[in-house]
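J.: Take this structure, written in structure tokens, and hold onto it; I'll ask about it next.
The values are calculated or read from the model by the stated rules, or taken from the named source; none is laboratory data. Bear in mind the structure is a predicted one, so any value in this text is a computation, not a measurement. Reconstructed Cβ throughout: ideal geometry from the backbone, glycine too, with neighbour counts over all protein chains shown.
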Amino acid sequence: MEGEGHEKKNKEKKEKKDKIKDMDSTKLREKLEKLDAKIDALREKKEALVPQLQAASDGCANADNAAENAGEASKIMQQIEKIDAKMDNLRAKKETIIMRIREIDEPAGTGSHNV
């Protein structure tokens with residue numbers, strides 16, 4: 001059964017890549033701006049978690065509630081790791097779009113790489 005789920009996921013990825021290939025440069029640039037906004041929002045969310053993580057880590061030094069603070073720190077670290085994974089995913093999508101824009105904008109045989 002796991003193979004079916006994996007095949008479905010690969011098919012969805014291929015469909016998304018095909019969809020990107022069919023878009024024009026203007027739409028791709030708009031999509032790029034949206035991805036940048038999402039990445040910025042995730043970065044802000046991560047930056048907001050860092051002080052919370054620091055406070056929980058500092059609280060681990062206090063023996064009275066060290067276990068509670070350690071649990072809280074662990075939860076915050078998991079949130080940060082999820083945010084990092086989402087940001088990596090968005091950056092990969094962004095790279096795919098940038099490469100496609102270059103393909104569209106550059107006439108065959110030129111070596112310019114400006115986006």
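J.: Would it be correct to say that Glu12 is modelled with pLDDT under 90, more than 18 Å from the chain's Cα centre (by Cα) and either of a type in the set (D, E, K, R) or loosely packed, with under 11 Cβ neighbours inside 10 Å (or both)?
T.: When the stated conditions are applied, Glu12 does not pass them.
J.: Could you please find all residues in the stretch 94-115 being part of a helix (DSSP H, G or I) and at pLDDT below 95?
T.: Passing the criteria: Thr96, Ile97, Ile98, Met99, Arg100, Ile101, Arg102, Glu103, Ile104, Asp105.
J.: I'm trying to understand the selection: among the residues of the stretch 34-85, which are among the acidic types (Asp, Glu) and touching a residue at least 40 places away in the same chain (Cβ under 8 Å)? Don't jump to the end; show me each part of the working.
T.: Residues of the stretch 34-85 among the acidic types (Asp, Glu): 36, 40, 44, 47, 58, 64, 68, 72, 81, 84.
The answer is Asp36, and nothing else.
J.: Could you tell me whether the stretch 22-38 includes any residue that is touching a Leu at 6+ places or on another chain (Cβ under 9 Å), farther than 30 Å from Met77 by Cα and either modelled with pLDDT under 90 or outside any helix (DSSP H, G or I) (or both)?
T.: no
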